[in-house]
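To keep things clear, I will list the structure first and then write my remarks on it.
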Amino acid sequence: TQLLEQSPQFLSIQEGENLTVYCNSSSVFSSLQWYRQEPGEGPVLLVTVVTGGEVKKLKRLTFQFGDARKDSSLHITAAQPGDTGLYLCADPSGGSYIPTFGRGTSLIVHP
Amino acid sequence: DAGITQSPRHKVTETGTPVTLRCHQTENHRYMYWYRQDPGHGLRLIHYSYGVKDTDKGEVSDGYSVSRSKTEDFLLTLESATSSQTSVYFCAISEGAGANVLTFGAGSRLTVL
């Protein structure tokens with residue numbers, strides 16, 4: 001099973017700041033997913049990246065897949081309190097094609 | 001609009017008692033999963049199912065059993081609950097394996113005293 005390392009583990013910032021969170025592995029991903037989990041709820045898929053070097057944008061969120069497909073980043077521009085939550089990366093084709101998750105980055109955006 | 005519901009949402013029980021958590025879906029998805037989420041550990045797979053009566057273990061299956069007698073229901077049972085099983089449990093569904101989207105339930109918070 002591929003190990004997904006996420007950093008930082010915690011992030012506390014002020015509204016309007018930019019931030020980047022990372023997801024890394026020693027192995028190559030066939031694809032990678034990012035989920036966001038708001039307090040008291042289950043994770044919700046934000047994006048799936050498939051191609052090395054791929055960049056996807058979702059409003060103020062920019063997702064990048066590394067050229068070698070071993071890492072990914074999520075950049076948030078001008079963070080808002082509504083961005084608060086746990087950001088999880090996932091390998092949807094983990095062991096036996098069962099999704100495996102990183103430990104997540106917990107983000108708090110203060111008004 | 002929830003296509004997946006978990007019950008109960010909250011439960012407090014005592015060590016040694018049996019507990020069953022239920023996951024119900026209306027999406028007719030083939031795959032169903034039970035994860036537990038603990039601080040510092042992220043989401044860890046307990047068991048999953050790839051069809052009616054077809055189940056397999058995940059990375060933290062000890063102390064848990066599952067059953068799937070109908071496409072729409074996936075039950076997680078703790079035969080004799082222990083304090084280490086205090087956690088938030090999430091059910092998820094997907095149409096297939098591999099690069100499919102997981103849709104999660106809202107979670108079941110279990111406290112074992």
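The values are calculated or read from the model by the stated rules, or taken from the named source; none is laboratory data. On a predicted model such as this, the values are computed, not experimentally measured, just so you know. In this analysis, Cβ positions are derived from the backbone assuming ideal geometry, glycine residues included, and neighbour counts consider all displayed protein chains. For the accessible areas, the whole protein counts, side chains as well, though only heavy atoms, and no ligand, DNA or RNA atoms are used. Shrake-Rupley method; radii C 1.70, N 1.55, O 1.52, S 1.80 Å.
Table: residues versus (1) at the interface with chain B (Cβ under 8 Å from one of its Cβ atoms); (2) touching a Pro at 6+ places or on another chain (Cβ under 8 Å); (3) surrounded by fewer than 17 Cβ atoms within 10 Å (Cβ to Cβ).
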| residue | (1), (2), (3) |
| --- | --- |
| A:ARG69 | no, no, no |
| A:HIS75 | no, no, yes |
| A:ALA78 | no, no, yes |
| A:PRO81 | no, yes, yes |
| A:GLY85 | no, yes, no |
| A:ALA90 | yes, yes, no |
| A:PRO99 | yes, yes, no |
| A:GLY104 | yes, no, no |
| A:LEU107 | no, no, no |
Residue among B:LYS11, B:LYS57 that alone is among the charged types (D, E, K, R), over 20 Å from A:GLN37 (Cβ atoms) and within 11 Å of another protein chain (Cβ to nearest Cβ) | B:LYS57
Quick one: which strands (runs of 3 or more DSSP E) sit completely within region A:17-111 and have at least 2 residues that are farther than 28 Å from B:GLU95 by Cβ?
-> A:19-24, A:71-76, A:105-110
Filter region A:35-55 down to residues that are more than 17 Å from A:ASP83 (Cα to Cα) and either surrounded by fewer than 17 Cβ atoms within 10 Å (Cβ to Cβ) or within 11 Å of chain B (Cβ to nearest Cβ) (or both), then give me how many there are.
-> 7
Which numbered condition B:HIS47 fails, given (1) surrounded by fewer than 18 Cβ atoms within 10 Å (Cβ to Cβ); (2) within 18 Å of A:PRO99 (Cα to Cα); (3) modelled with pLDDT of 95 or more = (1)
Evaluate the following for B:GLY40: is it facing chain A (nearest Cβ under 8 Å) and in a loop (DSSP other than H, G, I, E, B)?
-> yes
Here the residues within region B:64-107 that are within 11 Å of chain A (Cβ to nearest Cβ), part of a loop (DSSP other than H, G, I, E, B) and open to solvent by 30 Å² or more (accessible area, probe 1.4 Å) are B:ALA97, B:ALA99, B:ASN100, B:VAL101, B:ALA106
